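Inspection log for the structure reproduced underneath, given as structure tokens.
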Amino acid sequence: RCLYQWVGYPDAERELMIVRRKCPGASAALAREIVEFTQRLRTLDLFKSPGVAETLDWADALVALDRASLDGDTVANTAGVLLKYQDDVGRLTPAVTERLLDEARVAARSACSAGSFARCSWRLPLPVSWRPSSRGTHRPG
């Protein structure tokens, strides 16, 4: 007999910590985009939502492909790493992909401005009011 224990998906911050630890080749920006996109992908009506293992596999694949950020073509060309079933890949239409990418980018920017900035020292444009403090951390100006 086997005992099965279902463990829910981690929140974005926890998953980001996992990706940063297990995929050190991914930049902070790419790791954040991957996590935010995957978190939103899990909200779709999929036969099998991607787990953390798929997130890590996708991060490794994107690093191997030398991607610095996500775009619609990259997502379309690598969706098979993230999703196990062809029907689920088919649900990821260009319009759905762009919507998820837009939502992920907004969430990534929000995470930076909400205090997670130390984990996202990267290329997303930040408001002009953000400037380094004398201690090397960032705070609103």
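The values are calculated or read from the model by the stated rules, or taken from the named source; none is laboratory data. Please read these numbers as outputs of a predicted model, since none were measured by experiment. Glycine also receives a Cβ, built like all others from the backbone with ideal geometry; neighbour counts cover every protein chain displayed. Just the protein is used for accessible areas: all its heavy atoms, side chains included, with ligands, DNA and RNA removed. Shrake-Rupley method; radii C 1.70, N 1.55, O 1.52, S 1.80 Å.
General remarks:
- Solvent-accessible area, 1.4 Å probe, carbon plus sulfur percent, for region 50-109: 51 percent
- Semi-axes of the equivalent ellipsoid of region 16-73 are 18, 13, 10 Å, computed as sqrt(5λ) over the eigenvalues of the C-alpha gyration tensor in descending order.
- ³J(HN,Hα) computed for each position of region 99-108 - Karplus, 6.51 cos²θ - 1.76 cosθ + 1.60, integer Hz, glycine/proline x: 4, 5, 5, 4, 4, 5, 5, 4, 5, 5
- What separates the Cα centres of region 52-105 and region 18-34 is a distance of 14 Å.
- 3J(HN,Hα) couplings calculated from phi for region 60-72 with the Karplus curve 6.51 cos²θ - 1.76 cosθ + 1.60 (θ = phi - 60°) are, in sequence order, 4, 5, 5, 5, 4, 7, 6, 8, 9, 7, 8, 9, x Hz; Gly and Pro show x.
- Label-to-label distance, V7 versus F47, with points set 7 angstrom from Cα along the beta-carbon direction: 2.6 nm.
- Packing-based ranking, highest mean first, of 54-67, 30-43, 78-91, 6-19 given that Cβ atoms within 10 Å are counted: 30-43, 54-67, 78-91, 6-19
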